[in-house]
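Heads up: the structure comes next, in structure tokens.
The values are calculated or read from the model by the stated rules, or taken from the named source; none is laboratory data. Keep in mind that what you see is a predicted model, and the values were worked out from it rather than measured. Every residue, glycine among them, receives a Cβ derived from its backbone with ideal geometry; neighbour counts consider all protein chains shown. To get the accessible areas, we keep the full protein, side chains included, count just its heavy atoms, and leave off ligands, DNA and RNA. Shrake-Rupley method; radii C 1.70, N 1.55, O 1.52, S 1.80 Å.
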Amino acid sequence: TCSIREYQAEDKDAVITLFRNGILEHVYPAFFKTISHPDQIGVTLSISMAGYVLGGSSYFMALLFGGAWAGLIYYCCYEIYEGYRLSRMATDMADIQASFLDNPDNGFWVAKAEVNGKSKVAGLVAVIGQDERDGSYGEVPHLIVSFAYRKKGLGSQLAHKVMEFCKDRGFSRVVLETSSPQTAANALYTIQDNRLHGLKLKTRGYFTTVRRTDWLLSFTHFQQAIETGSLESKLVCSDSVKQSCN
């Protein structure tokens, strides 16, 4: 079992490690999603063919050229997520106390699990209060569950903590976004699409193969939609990929 409490200074190292792992675990799915796109398959085959021809009908050169191209794509995917991680580490995650706990409309909680008699951070969730013309709402920028504790109800517990907080603050709704490589989360949200009482669902991410709209979930269905592990919101587009994000 896990207990959920407000973030404390002693949690910093474990929270930063979990945050890093939760972001970078999406690098490979993003790479696979990109490299398996029909356009990229065509480009990769063309580059491999160029290597074959330039190498004097060398299969080795064909593999080398194709592998180099695939490596470049992987590096770009890594840079996108690592860049996002570094940008958050330089902003809200640089000082969790000041960014979240010192503001009564914001919150940051950790889930603690007992492992061999020692307490371990198994998950985290954060919420930021926002104001708009149609009312205030809670935005969830970070929700990460350690891989070993996924599909065990911990995501629902963290979601419930967010909902309680947002209701206490008088927020009318919870807003969150995912990146398109988060296929597990996106698949579950698609299942929930017809149950959201008219609220429009859509994902927004770096990659063009997923439809893009804003996730706007009611309190009731936020809990149902969250039980898939790592959920990071508002991935910041670099200049090279802004076109595919808009």
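Yes or no: region 89-103 includes at least one residue that is loosely packed, with under 14 Cβ neighbours inside 10 Å, part of a helix (DSSP H, G or I) and touching a residue at least 60 places away in the same chain (Cβ under 8 Å).
yes
Given (1) within 30 Å of residue 32 (Cα to Cα); (2) touching a Ser or Thr at 6+ places or on another chain (Cβ under 7 Å); (3) crowded, with 18+ Cβ neighbours inside 10 Å, identify the lone condition not met by residue 171.
(1)
Let's see how each residue does on (1) more than 22 Å from residue 88 (Cβ to Cβ); (2) touching a strand residue (DSSP E or B) at 6+ places or on another chain (Cβ under 6 Å):
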| residue | (1), (2) |
| --- | --- |
| 116 | yes, no |
| 125 | no, yes |
| 130 | no, yes |
| 147 | no, no |
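Among all residue pairs at least 6 apart or on different chains, which show Cβ distances below 7 Å where the first residue, located in region 131-144, is over 10 Å from residue 176 (Cβ atoms) and assigned to a strand (DSSP E or B) and the second is open to solvent by 10 Å² or more (accessible area, probe 1.4 Å) and of a type in the set (Val, Ile, Thr)?
That search, which allows pairs on different chains as well, returns 137/175.
How many residues are assigned to a helix (DSSP H, G or I), touching a residue at least 12 places away in the same chain (Cβ under 8 Å) and either open to solvent by 60 Å² or more (accessible area, probe 1.4 Å) or of a type outside the set (D, E, K, R) (or both) if we restrict to region 33-51?
Count: 11.
Taking residue 62 and the conditions (1) out of contact with any helix residue (DSSP H, G or I) (no Cβ under 7 Å at 6 or more places or on another chain); (2) modelled with pLDDT of 95 or more; (3) of a type in the set (A, V, I, L, M, F, W, C), which numbered condition does it fall short on, given that it satisfies the others?
(1)
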